Amino acid sequence: MTAPPPRILVSACLLGQPVRYDGAAKTVDDPRIERWRREGRLVTICPELAGGLGVPRRPAERQGERVVDDAGDDVTGAFDAGAHAALVLARSRGCRFALLKQGSPSCGSVQIGDGSFTGRRVPGMGITAELLSANGIRVFGEDQIDALDAALAATPR
Ligand code: SF4
């Protein structure tokens, strides 16, 4: 029997689901994503919804180990819960890779907001991307699809 191809955990907003804090999506139009969908590789989650937050919700940013919204409320618990839900899902579905929305306080993998809600970004990871990475799942942003494609091609089934 042939082993299933390595699966990819994907941010729901990148696949067109209107789950961002402002009720929008951030759809990525790339033929490779459609191919991975046809191959049965995609596993979708929005960690912030999985952590109990709704749509719309207040924008939030990391401030060190905490996550706060723009009203100053601490929402770290929901972000942590979402990250753990993402890890459980990734493990249960055999995801060795993740394709997550760059810049998000949950999903960002290279840069995130600097905590000032001014639009400035700094190098860093969101809560979910950090947890997945720490558990051996390779995380890519939507700006790194070439690298993800190459990593998949180099991964035996
Ligand atoms: Fe998209 Fe991730 Fe934010 Fe959900 S938590 S809206 S999947 S960037």
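Read-outs: derived from the displayed coordinates by stated rules, not from any lab. It should be emphasised that the depicted structure is a prediction, and the values quoted were computed from it without experimental measurement. Cβ: placed from backbone, ideal geometry, glycine included. Neighbour counts: every protein chain shown.
A few points about this structure:
- Helical mean residue ellipticity (222 nm; -39500 (n - 2.57) per DSSP H run of 4+; nearest 500) of the chain: -8500 deg cm²/dmol
- Full-stretch length increase - E39, T27 - with 0.36 nm per residue and alpha-carbon distance subtracted: 2.4 nm
- Proxy reagent accessibility, fewest Cβ within 10 Å first, across F79, F140: F140, F79
- The chain - convex hull of the alpha-carbon atoms, volume per residue in Å³: 105
- With both residues required to sit in segment 7-153, DSSP beta bridges show an antiparallel share near 40%.
- Segment 10-91: GluC sites (Glu not before Pro) falling in loop per DSSP and having at most 12 other Cβ within 10 Å: E65
- Degrees, to the nearest 10: 76-93 long Cα axis against longest axis of the chain: 10
- Label-to-label distance, nm, for residues given as R66 and S116 (7 Å Cα→Cβ offset): 1.9
- Taking the fewest neighbouring Cβ atoms within 10 Å as the starting point, the ordered list for T128, T27 is T27, T128.
- With neighbours defined as other Cβ atoms within 10 Å of a residue's Cβ, the residues R138, R62 order from fewest to most as R138, R62.
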